[in-house]
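Reviewing the structure listed below.
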Amino acid sequence: MRKKLVIFLFEVSKTLYTKFFKQNHLPWDLTTVELLEFPPETFGYHLGEFLQKNNFELLPKVERHDAYHTLTNYGTEVEEEIGLQFLCMGNGKKCPYMYGAILLGTLILPEYLSLYLKSYQVGRAAEPFHHFDYEQIIHLDYELFKSTIFSKNTSTLQLIRN
């Protein structure tokens with residue numbers, strides 16, 4: 001029930017956030033099918049795989065969020081969404097939406113605090129990635145880009161869960 005509350009709050013806030021805070025951002029205008037037409041080694045192709053696996057399309061004006069999922073290997077479970085926000089905070093991102101998700105997520109789902117804190121540490125250990133224009137990155141080699149951001153010791157959610 002608490003996870004459903006968080007999902008509901010994410011859905012409502014996502015709409016408001018894109019309407020009021022992302023007014024000047026232009027959507028990428030790419031579909032999952034188009035991303036899957038990129039060469040298999042590219043970030044764009046891996047982003048397309050993430051979207052296809054989850055039956056998603058890119059959300060206009062907030063496409064970078066799915067790029068973060070692709071880069072970090074975080075899934076879409078509620079606790080992973082919150083963990084991803086902690087990772088971004090650890091990486092130096094500053095955003096009212098992120099702070100709100102962290103606050104509400106921690107208050108509503110405190111049993112995942114260890115995941116959140118480990119995610120924060122992974123973000124701190126990684127090279128900054130929150131400032132990139134991910135629409136430009138979709139043409140880069142996925143593994144090479146990812147290896148410039150994360151060391152082998154800090155790269156994925158699988159490591160955090162072990």
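All of the numbers you see were taken from the coordinates with simple rules; none came from a lab. Note that the structure is predicted; figures quoted are calculated from it, not measured. Here Cβ is always computed from backbone atoms with ideal geometry, including for glycine, and neighbour counts include all displayed protein chains.
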- request: For LYS61, enumerate residues with amide H under 5 Å from its amide H, sequence gap 5+ or separate chain, H modeled in the peptide plane.
  value: TRP28
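Given Cα pairs under 8 Å that are at least 6 residues apart, what percent is the relative contact order of the range 27-162?
Working: 164 pairs, mean separation 38.5, N = 136.
The value is 28 percent.
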message: Please report the net charge: other residues with Cβ closer than 14 Å to the Cβ of ARG2, K and R +1, D and E -1.
response: -2
message: Which one, LYS94, LYS118, LYS61, has the greatest fluctuation when you compute a Gaussian network model over the chain with C-alpha springs under 10 angstrom?
response: LYS94
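Stretch ARG2-ASN54 to full length: gain in nm at 0.36 nm per residue minus the Cα-Cα span? Walk me through the numbers on the way to the answer.
On the way: separation 52, 0.36 × 52 = 18.72 nm, distance 2.17 nm.
Between ARG2 and ASN54, full extension yields an extra 16.5 nm.
Where nothing but the Cβ of Lys and Arg (+1) and of Asp and Glu (-1) is charged, how large is the charge dipole of the range 40-162 around its Cα centre, in debye to the nearest 20?
It comes to approximately 460 debye.
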- request: Enumerate the amide H contacts of THR42 below 5 Å, restricted to partners 5 or more residues apart or on another chain; note that Pro and chain-start residues carry no placed amide H.
  value: TYR142
field: Difference of contour (0.36 nm per residue) and Cα-Cα distance, GLU11 to LEU103
entry: 31.5 nm
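As a test of the formula, what do you get for the chain when each DSSP H run with n ≥ 4 contributes -39,500 (n - 2.57) and the sum is divided by the residue count, at 222 nm and rounded to the nearest 500 deg cm²/dmol? Provide the component values of the computation, followed by the final result.
Numbers: 10 runs with 100 residues, N = 162.
Helix contribution divided over all residues of the chain: -18000 deg cm²/dmol.
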- request: Provide the net charge surrounding HIS69, with neighbours chosen by a C-beta distance below 12 Å and charges set as Lys +1, Arg +1, Asp -1, Glu -1.
  value: -4
query: Among LEU59, LEU9, GLY75, whose Cα sits farthest toward the positive end of the charge dipole of the chain (+1 at Cβ of Lys/Arg, -1 at Cβ of Asp/Glu, about the Cα centre)?
result: LEU9
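Based on other C-beta atoms within 10 Å, arrange TYR99, TYR68, TYR116 from fewest to most. Walk me through the numbers on the way to the answer.
Values: TYR99 13, TYR68 19, TYR116 24.
In increasing order of surrounding Cβ atoms, one gets TYR99, TYR68, TYR116.
Once the other residues with Cβ under 13 Å from the Cβ of LEU109 are scored (Lys, Arg +1; Asp, Glu -1), what is the net sum? Don't jump to the answer; show the numbers that get you there.
Details: positive: ARG2, LYS3, LYS4; negative: GLU77, GLU79, GLU80, GLU81, GLU111.
The answer is -2.
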field: Pairwise centroid distance, computed over Cα atoms, of the range 51-115 with the range 24-48, Å
entry: 19 Å
